[in-house]
Amino acid sequence: MPAALLLALLAAVAALALEPLSESDVFFRVRCGQEILARHALPGRNLFSFTYPDHPDLDTAWLFEVGAALLVRLGGLPALVVAKTAVLVATFAGAFVVCRRRGAGPVASALALAAAALAVRERFVERPHLFSLAGDVALLALIDALAVADTARARRLGVATLATVILWANLHAGVFLAPVLLALAALGAWLDDRRPPLALAWLAGGAALATLATPVGFGLYRYLGLHLVLPALHPVDEFRAATWISDAPLLLFGIAAVAGGTFVRPRVARVLLPAVALGVLALRSVRFGADFALVAAPILAVGLGRLGARINGRLPALTVAAALAAWAVGPRVLAARQGRPAFALGLDESVVPLDAIRFATEHGLRARMYNDFEIGSYLLFEGPPRHPVFVDPRLPAYPPEFHALLGRADLTRDEWNAAMERYGVDAALLAYAGLNRRVAWWDPARWALVYRANDARVFVRRSPEHRALIADREVPATFSFTAAEGTTTLPVTDRPAASPVSQCEWQRRLGDLLFELDDAASPRARAAYARALADAGCLETSREAKLCAFLGALELEALHFDAADTLLTRAISKGDPELTTRANRAFAWEALGRRFDAATAWADVAARGRGTPLADVATKRIAALK
């Protein structure tokens with residue numbers, strides 16, 4: 001049964017990991033890896049941004065990035081998802097072994113690790129921290145082995161530990177945990193045995209030196225120091241403290257682990273201290289939640305094991321294995337039955353505004369375009385043509401004053417515009433517009449909104465280079481933002497003086513916007529349309545015809561037959577091609593008592609629409625009018 005439980009656990013972990021790629025950071029990681037492979041060296045500076053192209057860039061995850069780039073070269077984004085899953089499966093398999101060696105039964109081990117996986121599933125993403133999770137588990141196993149090793153084996157384990165730390169150091173900056181966990185284990189061993197644990201103490205010191213065996217050397221600790229400074233300048237979600245609103249599963253797991261620890265007899269400080277330290281770190285910064293969960297899972301497993309035969313029998317083992325297998329397989333089977341792919345491992349397109357990016361590319365807006373952090377990551381990754389970005393998630397690659405600017409929530413439009421001028425920005429692409437306060441900072445007097453769809457917005461500076469695009473695409477809208485309500489779209493009633501859009505066309509577009517915002521032809525939308533049509537011949541002929549036909553249909557629906565007749569006749573005179581427009585005018589003439597004109601109009605509809613349902617309606621109406 002232990003093997004079946006392990007397989008069921010690993011299948012459940014794989015099921016959580018085998019999901020479409022939605023982690024934005026992986027894109028810049030792949031781009032950096034491609035650059036390292038091309039140069040055969042770390043660049044050492046920010047090559048990818050037009051804002052700070054020469055700023056130093058501390059790359060502490062270069063080996064992960066090279067591996068990611070090679071995987072994408074071999075198998076595209078799905079290869080990254082599969083590789084991530086393999087790392088997680090191996091990590092949880094190692095954690096299961098640790099639980100068992102500490103005395104936990106297979107059922108308790110599987111339950112504790114399944115709870116850990118559920119608590120931190122949001123961290124099952126394609127990022128370098130996966131190797132910190134693997135490193136945590138590897139250290140637990142090595143610390144446990146050292147506790148019972150003879151001198152010769154202890155030396156071999158010491159070498160293996162230092163080799164693990166060196167590899168870890170080149171994959172992720174989370175390696176700083178290695179000497180910390182070893183030092184805490186040494187302190188715990190001293191508390192347990194009341195004698196100096198020299199092997200662990202020396203190993204902790206050696207691990208501290210091993211963390212420097214990377215191309216950046218002491219830069220690792222400068223990089224870590226930045227993570228103490230930058231969150232104060234620019235809030236980053238993964239650096240926030242744990243809360244019940246966002247992190248209830250992790251906090252519940254922590255409570256369970258604490259309860260499990262109370263059942264461990266005798267309490268082993270060598271085991272408990274590393275978990276306690278990581279728990280404190282996780283409460284302060286949720287990015288350490290997954291590290292804590294994996295280190296605390298064996299403690300929970302041993303605690304569960306104290307429940308005895310109630311969870312260690314054959315029936316509980318079969319039940320847990322079946323539940324984990326159903327958890328892994330059930331959603332995939334359901335997806336297949338519904339005609340959806342059982343495994344979708346490509347890009348989750350909902351996380352990237354692909355249509356907006358295509359728009360910006362097609363209209364040549366990318367050279368000096370503002371973008372938010374996550375979008376910058378994808379812009380670095382996508383294929384040619386590539387352009388430098390405004391910013392991307394490589395936080396150390398940008399100076400503190402830049403983070404301070406981007407972290408402010410109180411900027412005025414004038415201050416924001418001055419910053420954009422300072423950086424030479426002449427276009428902007430913003431995603432998550434409903435929650436993005438910066439959407440409200442683009443002054444319509446200086447910036448034209450030219451794309452508004454699917455929660456993405458594109459602005460361009462009112463300059464001669466963008467005059468044709470603005471004339472063709474400008475949307476008469478601006479935005480406001482409050483923390484309570486998010487972004488609100490505000491119609492711009494008065495055309496900005498610098499806009500090349502004609503007054504009548506501005507009012508037509510304003511009417512379209514108001515119609516969308518009000519979910520109906522509201523009085524203010526109709527008033528804008530009326531202003532658009534006030535100057536006959538001002539609008540482009542086809543747009544005038546379409547608008548008249550639309551308003552005429554609304555007037556007909558409202559039983560305003562004279563108004564409908566006027567608008568529909570105007571639409572037809574402007575060349576409106578729709579058969580429904582002629583049918584609507586025939587209905588209006590019938591209602592106005594113009595039977596002869598209506599019959600003539602219906603005859604025209606029948607002739608033009610021969611073989612269509614509308615022609616059948618016309619034939620019946622002609623018969624009724626005779």
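Criterion first (at pLDDT below 95, within 29 Å of W327 (Cα to Cα) and small (G, A, S)) does A17 satisfy it?
Against the criterion (at pLDDT below 95, within 29 Å of W327 (Cα to Cα) and small (G, A, S)), A17 qualifies.
Being out of contact with any Phe, Trp or Tyr (no Cβ under 6 Å at 6 or more places or on another chain), assigned to a helix (DSSP H, G or I) and at pLDDT 90 or above is true for just one of L140, L146, L157, L113. Which residue is that?
Of the residues listed, the single one that is out of contact with any Phe, Trp or Tyr (no Cβ under 6 Å at 6 or more places or on another chain), assigned to a helix (DSSP H, G or I) and at pLDDT 90 or above is L140.
For every residue, the table says whether it meets (1) under 26 Å from A68 (Cα atoms); (2) at pLDDT 90 or above; (3) of a type in the set (S, T, Y); (4) under 22 Å from the mean Cα position of the chain (by Cα).
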| residue | (1), (2), (3), (4) |
| --- | --- |
| G174 | yes, yes, no, no |
| L177 | yes, yes, no, no |
| L187 | no, no, no, no |
| A210 | yes, yes, no, no |
| Y221 | yes, no, yes, no |
| L228 | no, no, no, no |
| F239 | yes, no, no, yes |
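For segment 414-431: of the residues being in a helix (DSSP H, G or I) and open to solvent by less than 30 Å² (accessible area, probe 1.4 Å), which is farthest from W442 (Cα to Cα)?
If we take residues in segment 414-431 being in a helix (DSSP H, G or I) and open to solvent by less than 30 Å² (accessible area, probe 1.4 Å), then A419 is farthest from W442 (Cα to Cα).
Among (1) of a type outside the set (S, T, N, Q); (2) over 27 Å from A104 (Cβ atoms); (3) out of contact with any helix residue (DSSP H, G or I) (no Cβ under 7 Å at 6 or more places or on another chain); (4) part of a helix (DSSP H, G or I), which single condition is G217 missing?
All conditions are met except number (4).
Scan segment 95-109 and tell me whether some residue there is surrounded by fewer than 18 Cβ atoms within 10 Å (Cβ to Cβ) and under 26 Å from the mean Cα position of the chain (by Cα).
No, segment 95-109 has no match at all.
Among the residues that make up segment 603-617, is at least one of them of a type in the set (V, I, T), at pLDDT below 90, more than 30 Å from A520 (Cα to Cα) and open to solvent by 50 Å² or more (accessible area, probe 1.4 Å)?
Scanning segment 603-617 turns up no residue that is of a type in the set (V, I, T), at pLDDT below 90, more than 30 Å from A520 (Cα to Cα) and open to solvent by 50 Å² or more (accessible area, probe 1.4 Å).
Just to be sure before I move on: is A367 open to solvent by 50 Å² or more (accessible area, probe 1.4 Å) and modelled with pLDDT under 95 in the structure I sent? Talk me through it step by step, then tell me what you get.
Details: open to solvent by 50 Å² or more (accessible area, probe 1.4 Å): yes; modelled with pLDDT under 95: yes.
Yes: the conditions hold for A367.
Any residue that is open to solvent by less than 60 Å² (accessible area, probe 1.4 Å) and assigned to a loop (DSSP other than H, G, I, E, B) - is there at least one of those in segment 254-262?
No, every residue in segment 254-262 fails to be open to solvent by less than 60 Å² (accessible area, probe 1.4 Å) and assigned to a loop (DSSP other than H, G, I, E, B).
Working only within segment 160-195, note down all residues that are free of Cβ contacts under 8 Å to residues at least 40 places away in the same chain and among the β-branched types (V, I, T).
Selection gives T164 alone.
Which pairs have Cβ atoms under 8 Å, sit 6 or more apart or on different chains, and link a residue in segment 397-418 that is over 15 Å from Y370 (Cα atoms) to one that is of a type outside the set (A, V, I, L, M, F, W, C) and assigned to a helix (DSSP H, G or I)?
Sorted first by the residue in segment 397-418, then by its partner, the pairs are A409/R437.
Table: residues versus (1) open to solvent by 50 Å² or more (accessible area, probe 1.4 Å); (2) of a type in the set (V, I, T).
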| site | (1), (2) |
| --- | --- |
| V159 | yes, yes |
| G174 | no, no |
| A199 | yes, no |
| L203 | no, no |
| V216 | no, yes |
| H227 | no, no |
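For segment 439-463, which residues satisfy the criterion of being at pLDDT 95 or above and open to solvent by 10 Å² or more (accessible area, probe 1.4 Å)?
Matches in segment 439-463: A440, W441, D443, P444, A445, R446, Y451, R452, R457, R461, R462, S463.
Show the residue pairs that are 6+ apart or on different chains and have beta-carbon atoms under 6 Å apart, the first residue being within segment 58-84 and open to solvent by less than 50 Å² (accessible area, probe 1.4 Å), the second being part of a helix (DSSP H, G or I) and of a type in the set (D, E, K, R).
E65/R29; A68/R29
Just need a number here: residues in segment 355-364 that are surrounded by fewer than 17 Cβ atoms within 10 Å (Cβ to Cβ) and in contact with a Phe, Trp or Tyr (Cβ under 9 Å, 6 or more places away or on another chain).
1
Output yes when any residue across segment 502-515 is touching a residue at least 12 places away in the same chain (Cβ under 8 Å), farther than 30 Å from R368 by Cβ and aliphatic (A, V, I, L, M), and no when none is.
Within segment 502-515 (the criterion being touching a residue at least 12 places away in the same chain (Cβ under 8 Å), farther than 30 Å from R368 by Cβ and aliphatic (A, V, I, L, M)), the answer is yes, since at least one residue qualifies.
Can you name the residue in segment 119-143 that is farther than 22 Å from L209 by Cα and charged (D, E, K, R) and is also most open to solvent (accessible area, probe 1.4 Å) among such residues?
E122
Is it the case that D136 is acidic (D, E), touching a residue at least 40 places away in the same chain (Cβ under 8 Å) and more than 28 Å from R29 (Cα to Cα)?
When the stated conditions are applied, D136 does not pass them.
So which of R39, R45 ends up being open to solvent by 40 Å² or more (accessible area, probe 1.4 Å), modelled with pLDDT under 95, closer than 29 Å to H387 by Cα and in contact with a His (Cβ under 7 Å, 6 or more places away or on another chain)?
Working: R39 fails: in contact with a His (Cβ under 7 Å, 6 or more places away or on another chain).
Only one candidate passes the filter, namely R45.
Residues T85, T60: which one is at pLDDT 90 or above, closer than 28 Å to T211 by Cα and not in a helix (DSSP H, G or I)? Before the answer, list the steps.
Values: T85 fails: not in a helix (DSSP H, G or I).
Unique residue meeting the criteria: T60.
For segment 232-250, what are the residues that are open to solvent by 40 Å² or more (accessible area, probe 1.4 Å) and assigned to a helix (DSSP H, G or I)?
A232, L233, D237, W244, I245, S246, P249
Looking at (1) modelled with pLDDT of 95 or more; (2) farther than 21 Å from G383 by Cα; (3) open to solvent by 30 Å² or more (accessible area, probe 1.4 Å), which is the one condition that is false for L6?
(1)
Filter segment 374-404 down to the residues that are in a helix (DSSP H, G or I) and open to solvent by less than 20 Å² (accessible area, probe 1.4 Å) and list them by number. Don't jump to the end; show me each part of the working.
As a first pass, look at segment 374-404 and keep what is in a helix (DSSP H, G or I): 374-381, 395-397, 400-404.
I375, G376, S377, L379, L380, P396, A397, F402, H403 - these are the residues of segment 374-404 that are in a helix (DSSP H, G or I) and open to solvent by less than 20 Å² (accessible area, probe 1.4 Å).
Based on this model, can you work out whether E382 counts as acidic (D, E) and free of Cβ contacts under 8 Å to residues at least 12 places away in the same chain?
no
The values are calculated or read from the model by the stated rules, or taken from the named source; none is laboratory data. If you're wondering where the values come from, they're calculated on a predicted model, not measured in any experiment. Every residue, glycine as well, gets a Cβ built from its backbone with ideal geometry; the counts of neighbours run over all protein chains shown. Just the protein is used for accessible areas: all its heavy atoms, side chains included, with ligands, DNA and RNA removed. Shrake-Rupley method; radii C 1.70, N 1.55, O 1.52, S 1.80 Å.
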